[in-house]
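We did not get these values from a lab; they are worked out from the coordinates using the rules stated. As the structure is a prediction and not an experimental result, all values here were calculated from the model. Please note: Cβ atoms are built from the backbone with ideal geometry, for glycine as well, and neighbour counts cover all protein chains shown.
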Number of protein chains: 2
Amino acid sequence: MIILGIDPGLAIVGLGLIDAKNRTDVEVIEWLTIETAARLPVSERILEIHKDLGAFLDETKPELVVIEKLFFETNVRTAMDVSQARGVIMLAASERGIPILEITPLQLKSGITGDGSADKKQVQSMVVQILKLKQIPKPDDAADALALAVYGALTNERER
Amino acid sequence: MIILGIDPGLAIVGLGLIDAKNRTDVEVIEWLTIETAARLPVSERILEIHKDLGAFLDETKPELVVIEKLFFETNVRTAMDVSQARGVIMLAASERGIPILEITPLQLKSGITGDGSADKKQVQSMVVQILKLKQIPKPDDAADALALAVYGALTNERER
């Protein structure tokens, strides 16, 4: 099963694509980011994200998209920018009939490491181990996206 | 000039369409709302908004879209929901190359009534007068959308 993890953002969207044969046989396919320039109006930035992500979905045909639910407490401005981007990201998947799994940061930590209080480093180490990578993928947004995809693989297996 | 005002939302999107011949000759064409059911997943709701708004834009061909900038101080959850919807709303306009004017609630009040401390009622009364309506359009979302469109007409005239 091809699973795409997406770390949403307006400036940078992390994408992590994996092939999950089963819970213990999970292979990375690729990871990348979509980036948009801050000098552009938001309307153009979301247009670019929607178009680039759409092309990526058409090319890679994931069967499941896993996206992080946002929790912001401090910066509402950032929350709204990221949410606008998240809207067009979810739209691109919906338009293609791809199921979307939304998970919280707590679910991600707990699902990957078994410990909801794990830090980002622990989550990433576990992802490196599961995907048999040599090191933590860069940038962070791509590493987070891969973690989301791995979560999808683990959950999906559990539900079979 | 056909101008569309949009009051963004996830549950209800207000649309107000006007024909602005010049600053003093502004006619309402129609107003309506796009509504989505709370029981549906957000991914389906934004898909519906994007599709319905897209069809409306294709049918009415506005030359300018005026949309409110969001300011939330209390409910981040609502801010994020509305922002996701706002993302796909802006996308629908961007995809068609329609210019988007984003204005703050303060700009709207001040632009319509000449007084940034005006309340919603005063703004709506002024809009009724400018558009020569018999009463304030219902629901509020549609009335707000018409106010945004009128703002676009006034601003645009000033810039000519």
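By its C-alpha gyration tensor, with a ≥ b ≥ c as the square roots of the eigenvalues, how is the range A:1-79 shaped: rounded for a/c under 1.5, else prolate for a/b larger than b/c, else oblate? Mind showing how you got there, number by number?
Numbers: a/c = 2.94, a/b = 1.62, b/c = 1.81.
It is oblate, given that a/c is not under 1.5 and a/b is not larger than b/c.
If you bin every alpha carbon distance in the protein assembly as shown into 10 Å steps from zero, what whole percent lands in each bin?
6, 26, 29, 19, 11, 6, 1, 0
Using the 10 angstrom Cβ neighbour count as an exposure proxy, how do A:126, A:1, B:80 rank, fewest first? Please list the in-between numbers first.
Details: A:126 19, A:1 15, B:80 25.
Arranged by neighbour count, lowest to highest, A:126, A:1, B:80 become A:1, A:126, B:80.
My understanding is that a pair violates if its Cα-Cα distance is over 27 Å; which of A:51/B:21; A:138/B:51; A:69/B:69; A:109/A:134; A:138/B:69; B:21/B:120 do that in this structure?
Violating the 27 Å limit, Cα to Cα: A:51/B:21; A:138/B:51; A:138/B:69.
Taking the Cβ of residue A:141 as the centre, find all other residues whose Cβ is under 10 Å away and add up their charges (Lys, Arg: +1; Asp, Glu: -1).
-3
Is there a simple number for the mean count of other chain Cβ atoms within 10 Å of the Cβ of residues in B:98-109, and what is it?
1
For chain B, which span is the longest to avoid every loop-located (per DSSP) member of GluC sites (Glu not before Pro) having at most 15 other Cβ atoms inside 10 Å?
Within chain B, the longest run free of exposed GluC sites (Glu not before Pro) spans B:74-160.
Which whole-Hz ³J(HN,Hα) couplings does the range A:12-20 yield from phi under the Karplus relation 6.51 cos²θ - 1.76 cosθ + 1.60, θ = phi - 60°, glycine and proline marked x?
Computed from phi, the couplings for the range A:12-20 are 8, 10, x, 10, x, 10, 10, 10, 9 Hz.
Let me know the whole percent of all Cα-Cα pairs from chain A that are separated by more than 22 Å.
Here the long-distance tail beyond 22 Å is 37 percent of all Cα pairs in chain A.
Using a 10 Å cut-off around each Cβ, can you sort B:33, A:24 from fewest to most neighbouring Cβ atoms?
Exposure proxy ranking, most exposed first: A:24, B:33.
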